[in-house]
Amino acid sequence: MRILITGASSGLGAEMARQFAALGHDLALTARRTDRLAQLRDEILAAHPDRTVLVKALDVNDHDAVFEVFDEVAGEFGGLDRVIVNAGLGKGAPLGTGRFGANRDTAMSNFVGALAQCEAAMTIFRAQNAGHLVVISSVSAMRGMPRTITTYAATKAGVASLAEGLRLELLGKPIKVSTIYPGYIRSEMNEKVAHTPFMTDTVTGVRAMVAAIESGRAKAVVPAWPWRLLAPAIHSLPLPLVRKLI
Ligand SMILES: NC(=O)c1ccc[n+]([C@@H]2O[C@H](COP(=O)([O-])OP(=O)(O)OC[C@H]3O[C@@H](n4cnc5c(N)ncnc54)[C@H](OP(=O)(O)O)[C@@H]3O)[C@@H](O)[C@H]2O)c1
């Protein structure tokens, strides 16, 4: 497969790249920190010399560039089989505390940036009449979330809804759409968060993501433990109980 991953310069995106390369897939890696992407490409090619790894600078808030880079990759590969909408930002502050800028940055990168990526990917997939669009949401999308993650959680619910709308439209068609809801997996985004029993190491957490993506499942909460128990509870319990869980 030829797979484009956005936000591949660190965390889950970088580890997905390593694991997809090990499974025999060719990759296009995008992010703003191209030095990191070049290092990752060299590491992957040293381990898997037969793979092709393209590296492209891309800020997902530059929407024209999203379309240009996706088209460029599809052109260089002669098509694109899977796009993983992964780039994301975890900044945020409680609403009404004077930090609209942080919430706006997160909303723009995680929702409008993701919309641009879905548009660009779907343009290519519709022309091919084939492809697999994968959206990285979060277990925080299960419910409105308080304080610093209110906006972040709303963006993740938003991208999950975008993906589901597409899935409904494309039922029975050859284009697949998957939504991945990761729980806490160690990455740069949460490097300052203390270790909790719910935090999974990067390799293990991403292994669960990659297995879910490879299976083509429509929706997957990963890793299974403890999130397949917690996610439905967060989704449906009354708010006072949800507050105790998170
Ligand atoms: N780790 C978790 O526990 C967890 C749980 C649920 C969901 N997620 C989601 O997983 C995805 C990956 O996050 P992570 O945990 O791996 O965090 P991370 O280590 O901070 O990685 C974030 C990635 O997104 C890229 N990015 C951020 N803003 C960007 C922009 N404007 N344009 C292009 N790329 C941008 C970064 O690259 P550059 O800075 O180089 O551009 C980086 O490669 C995010 O969507 C996040 O919301 C993570």
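The values are calculated or read from the model by the stated rules, or taken from the named source; none is laboratory data. Every value quoted in this text rests on a predicted model; they were computed, and no experiment measured them. Every residue, glycine as well, gets a Cβ built from its backbone with ideal geometry; the counts of neighbours run over all protein chains shown. Ligands, DNA and RNA are stripped out before the accessible areas are found, and what is left, the full protein with its side chains, is counted by its heavy atoms. Shrake-Rupley method; radii C 1.70, N 1.55, O 1.52, S 1.80 Å.
Values as computed for the structure displayed
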{"read-out": "Where a residue in region 162-176 is at pLDDT below 95 and its partner, wherever it lies, is assigned to a helix (DSSP H, G or I) and among the hydrophobic types (A, V, I, L, M, F, W, C), with Cβ under 8 Å and at least six apart", "value": "none"}
{"read-out": "Tally, over region 60-76, of residues that are in a loop (DSSP other than H, G, I, E, B) and open to solvent by 60 Å² or more (accessible area, probe 1.4 Å)", "value": "2"}
{"read-out": "Of residues in region 2-30 being open to solvent by 10 Å² or more (accessible area, probe 1.4 Å) and not in a helix (DSSP H, G or I), the one farthest from Gly75 (Cα to Cα)", "value": "Ser10"}
{"read-out": "Residues satisfying the stated conditions in region 31-59, i.e. open to solvent by 20 Å² or more (accessible area, probe 1.4 Å), within 14 Å of the ligand (Cβ to nearest atom) and part of a loop (DSSP other than H, G, I, E, B)", "value": "Arg32, Arg33, Asp59"}
{"read-out": "Selection count where residues are over 14 Å from the mean Cα position of the chain (by Cα) and either within 16 Å of the ligand (Cβ to nearest atom) or part of a helix (DSSP H, G or I) (or both), scope region 126-143", "value": "5"}
{"read-out": "Residue tally, condition open to solvent by 30 Å² or more (accessible area, probe 1.4 Å), within 10 Å of the ligand (Cβ to nearest atom) and closer than 19 Å to Ser161 by Cβ, over region 90-118", "value": "1"}
{"read-out": "Residue, nearest to Ala130 (Cα to Cα), within region 172-222, restricted to residues that are in a helix (DSSP H, G or I) and of a type in the set (Ser, Thr, Tyr)", "value": "Ser215"}
{"read-out": "Ile175, sole failed condition from (1) more than 26 Å from Arg18 (Cβ to Cβ); (2) open to solvent by 40 Å² or more (accessible area, probe 1.4 Å)", "value": "(2)"}
{"read-out": "Any hit, region 189-200, residues being in contact with a helix residue (DSSP H, G or I) (Cβ under 7 Å, 6 or more places away or on another chain), within 15 Å of the ligand (Cβ to nearest atom), free of Cβ contacts under 8 Å to residues at least 60 places away in the same chain and open to solvent by 10 Å² or more (accessible area, probe 1.4 Å)", "value": "yes"}
